[in-house]
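Step one of this worksheet: look at the structure below.
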Amino acid sequence: MKTTKLFILITGLAFSICLLFPPIITDARMHGAGGMRGGELGLSTIVDDLPYQKLSKEEKAGLIKMREEEKLARDVYKNMSEHWNLRIFTQIAFSEQRHMDAIKSLLDKYGLADPALATVGLFTSPEIQELYNTLIKQGSKSLIDALKVGATIEDLDIKDLQDLLKQTDNTDIKIVYQNLAKGSRNHLRAFTSQLSMNRARYKAQYLSPAEVESIINSPRERGMVDENGKPIPLKRGQGRSW
């Protein structure tokens, strides 16, 4: 028990120290006090200003999948935050809610039914439900396991978003997916940094090991991007990061 408390204390202190060095844990999808909604509003405005484009079956299925997958991330992080009382989970859970909102705006725009259930931890997709149950069980074993669960979710998100980007030619969908993927890369950096501080490593499960290493060894990404992943020049009143 003493060892566990000491471990949690050390990890908490390490995370607090990281706050002094934004490239480690500051998330490009998050904002400072007083500006949390700027990027969200900027992205929504960009998406709303784009014309409607016909959706393929693959595009519809992709949006529904990502709505559930972002809920999976949010719900797991909420659970891990309550279980381990570590700030990284609280912060990233907030970001995942914003990701859910971004996908919801596309569902609303195209008149698609929302698959996300209101109850935390419950999912329409049996596959997502099974994955949630597995991740919660794993993340409850130890703080290291919880951080690995976080890295696993971001690994999965990035891989799925990469695949879905190849299946869509709709500009608004691509913009949202590109920004979600960028945010997930920043989250993967945050979780692997925490693991490294605790002398642990994350083993790639969805992306290739080379892709994961490339992401975690590259700088934190800032600002919103366009459908090709290139920085978007922001207009007055739009947020500066996503």
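The values are calculated or read from the model by the stated rules, or taken from the named source; none is laboratory data. On a predicted model such as this, the values are computed, not experimentally measured, just so you know. Cβ coordinates were reconstructed from backbone atoms using ideal geometry, including for glycine residues, and neighbour counts include every protein chain displayed.
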**OP:** Report yes if I215 is among the β-branched types (V, I, T), at pLDDT 95 or above and closer than 27 Å to N170 by Cβ, otherwise no.
**Re:** yes
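Here is a yes/no grid of residues against (1) surrounded by fewer than 18 Cβ atoms within 10 Å (Cβ to Cβ); (2) over 17 Å from Q97 (Cβ atoms); (3) in contact with a His (Cβ under 6 Å, 6 or more places away or on another chain):
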site: V120; (1), (2), (3): yes, no, no
site: T134; (1), (2), (3): yes, yes, no
site: L143; (1), (2), (3): no, yes, no
site: I153; (1), (2), (3): no, no, no
site: D163; (1), (2), (3): yes, yes, no
site: D172; (1), (2), (3): no, yes, no
site: V176; (1), (2), (3): no, no, no
site: L180; (1), (2), (3): no, no, yes
site: G183; (1), (2), (3): no, no, no
Original post:
Can E69 be described as out of contact with any Ser or Thr (no Cβ under 8 Å at 6 or more places or on another chain), in a helix (DSSP H, G or I), of a type in the set (D, E, K, R) and without any contact (Cβ under 8 Å) to a residue 12 or more places away in the chain?
Top reply: no
Subject >> Scope the stretch 205-221; condition part of a loop (DSSP other than H, G, I, E, B) and either crowded, with 18+ Cβ neighbours inside 10 Å or of a type in the set (D, E) (or both); matching residues >> reply: L207, E221
**OP:** Considering only the stretch 118-153, state which residues are over 22 Å from Y202 (Cβ atoms) and not in a helix (DSSP H, G or I).
**Re:** A118, T119, V120, G121, L122, F123, T124, S125
Original post:
Only one residue in G183, G150, G223, G139 is in contact (Cβ under 8 Å) with a residue 60 or more places away in the chain and in contact with a strand residue (DSSP E or B) (Cβ under 7 Å, 6 or more places away or on another chain), so which one is that?
Top reply: G223
Original post:
Residues of the stretch 157-180 being among the charged types (D, E, K, R) and either in contact with a Pro (Cβ under 8 Å, 6 or more places away or on another chain) or in contact (Cβ under 8 Å) with a residue 12 or more places away in the chain (or both), which ones?
Top reply: D157, K159, D160, D169, D172, K174
Original post:
Which one of these does R199 not meet: (1) modelled with pLDDT of 95 or more; (2) more than 20 Å from I88 (Cα to Cα)?
Top reply: (2)
**OP:** Report the residue count in the stretch 84-107 for those that are within 27 Å of G62 (Cβ to Cβ) and aromatic (F, W, Y).
**Re:** 2
Original post:
If you go through the stretch 124-169, how many residues are under 30 Å from I232 (Cα atoms) and in contact with a helix residue (DSSP H, G or I) (Cβ under 6 Å, 6 or more places away or on another chain)?
Top reply: 11
Original post:
Pick from the stretch 101-117 the residues that are in a loop (DSSP other than H, G, I, E, B) and among the hydrophobic types (A, V, I, L, M, F, W, C): which of them is farthest from Y77 (Cα to Cα)?
Top reply: L112
